[in-house]
1. Of the numbered conditions (1) at pLDDT below 95; (2) over 16 Å from Ser52 (Cα atoms), Ile112 fails exactly one; give the number of that condition.
2. Hey, can you tell me all the residues within segment 189-210 that are of a type in the set (A, V, I, L, M), touching a Cys at 6+ places or on another chain (Cβ under 8 Å) and crowded, with 24+ Cβ neighbours inside 10 Å?
3. Can Lys134 be described as without any contact (Cβ under 8 Å) to a residue 60 or more places away in the chain, surrounded by 15 or more Cβ atoms within 10 Å (Cβ to Cβ) and not acidic (Asp, Glu)?
4. Give me the pairs, please: first residue somewhere in segment 271-291 and over 11 Å from Ala233 (Cβ atoms) and among the small types (Gly, Ala, Ser), second residue anywhere and at pLDDT 95 or above and assigned to a loop (DSSP other than H, G, I, E, B), beta-carbon distance under 8 Å, and either six or more positions apart or on two chains.
5. From the list Thr246, Thr265, Thr251, exactly one residue is under 26 Å from Pro26 (Cα atoms), of a type in the set (S, T, N, Q) and at pLDDT 95 or above. Which is it?
6. Tell me which of these Cys162 doesn't satisfy, since it passes every other one: (1) free of Cβ contacts under 8 Å to residues at least 40 places away in the same chain; (2) crowded, with 19+ Cβ neighbours inside 10 Å; (3) closer than 21 Å to Lys95 by Cβ; (4) not hydroxyl-bearing (Ser, Thr, Tyr).
7. How many residues, within segment 1-17, are of a type in the set (A, V, I, L, M), surrounded by 14 or more Cβ atoms within 10 Å (Cβ to Cβ) and either farther than 19 Å from Val273 by Cα or at pLDDT below 95 (or both)?
8. Anything in segment 128-144 that is on the phi < 0 side of the Ramachandran plot, out of contact with any Gly (no Cβ under 6 Å at 6 or more places or on another chain) and not small (Gly, Ala, Ser)? List them, or say none.
Amino acid sequence: MVLPTKATIIEVGPRDGLQNEKNFVPTEVKKKFIQQLKSAGLTEMELTSFVSPKWVPQMQDAAEIVLANSTGEHRNIVLAPNRKGVDLALESGCKAIAVFVGVSNSFNKKNINKSTRESMDELKPIIAELKTNKIFVRACISTSFYCPFEGKMAEEDTIALCEEFASAGVDELSVADTIGMAAPTESFSLFTKLKEHLPELLLTAHFHDTRKMALANIYAALQAGIDRFDTSAGGLGGCPFAPGATGNVATEDVVFMLERMGIETGIHLDQLVKAIDLIAPSISRKIETGYYLLAKTNNV
């Protein structure tokens, strides 16, 4: 078995982790959370999103969060779903922008009121403009395996959408199991084919832990040659437009597993626990991920 010797963790807790939180997390707490995550060694992160506060009120302080993270060598990513969001992100000085489209038409319409085709037609000229301005572009591919409305997605449809994004000039693809339905065999199959089709592109696996299969899916993706993973400290998260979708796979659990396997992440678990401690009082549910519970029980 050949596995990567190093892996990159993209922390999505401040954005994907908090977007569905019913309590508004104070802006100053978010800033401290982000800084502590960076202190733990996380160098790539989704900070926030420029979306309508009417639909995602948690992100109403996006400009302030970006301003607080305008220096340093970290890749600070913001999500922007449309032209207005992209313009706001650029005005704030963002150098890395994530766009997203669902493989599923039904999911895409629920999410941004556009079909997958309509979204791509809108995004391609925007991506070209962003690349002309030397902006790092990350494309998030939702419902890559299963959709809460349509069921299983055809693998060839996911690959075709990824290839279209690659042709449009994106730098990275984040391929998501939005509702946590994928099996490790499906993870291995899709990522093996994506590596074959798109060998020069940054490929990132994004697993939700709805059915407690995320770590197994990550292991399968590692076997397919993937060495980039989206994770969320404390397992925070969920999608407001995907019924039943629970949190992202926990950063601390993924880092622990990878390091135990001899795969370097550059992340300090003790500092990561401090970041979770910092955010925990501001969120509405208990954090009960495996490594975190053990750390607190053993006073690590």
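1. Of (1) at pLDDT below 95; (2) over 16 Å from Ser52 (Cα atoms), only one is false for Ile112: (2).
2. Leu194
3. Details: without any contact (Cβ under 8 Å) to a residue 60 or more places away in the chain: yes; surrounded by 15 or more Cβ atoms within 10 Å (Cβ to Cβ): no; not acidic (Asp, Glu): yes.
Spelling it out, it is not the case that Lys134 is without any contact (Cβ under 8 Å) to a residue 60 or more places away in the chain, surrounded by 15 or more Cβ atoms within 10 Å (Cβ to Cβ) and not acidic (Asp, Glu).
4. Ser282/Val25; Ser282/Pro26
5. Thr251
6. Of everything listed in (1) free of Cβ contacts under 8 Å to residues at least 40 places away in the same chain; (2) crowded, with 19+ Cβ neighbours inside 10 Å; (3) closer than 21 Å to Lys95 by Cβ; (4) not hydroxyl-bearing (Ser, Thr, Tyr), Cys162 misses just condition (3).
7. Here the count works out to 2.
8. Matches in segment 128-144: Glu129, Leu130, Thr132, Asn133, Ile135, Phe136, Val137, Arg138, Cys140, Ile141.
The values are calculated or read from the model by the stated rules, or taken from the named source; none is laboratory data. Model, not experiment: these values are computed from the prediction. With ideal geometry, Cβ positions are generated from the backbone for all residues, glycine too; neighbour counts draw on all protein chains shown.
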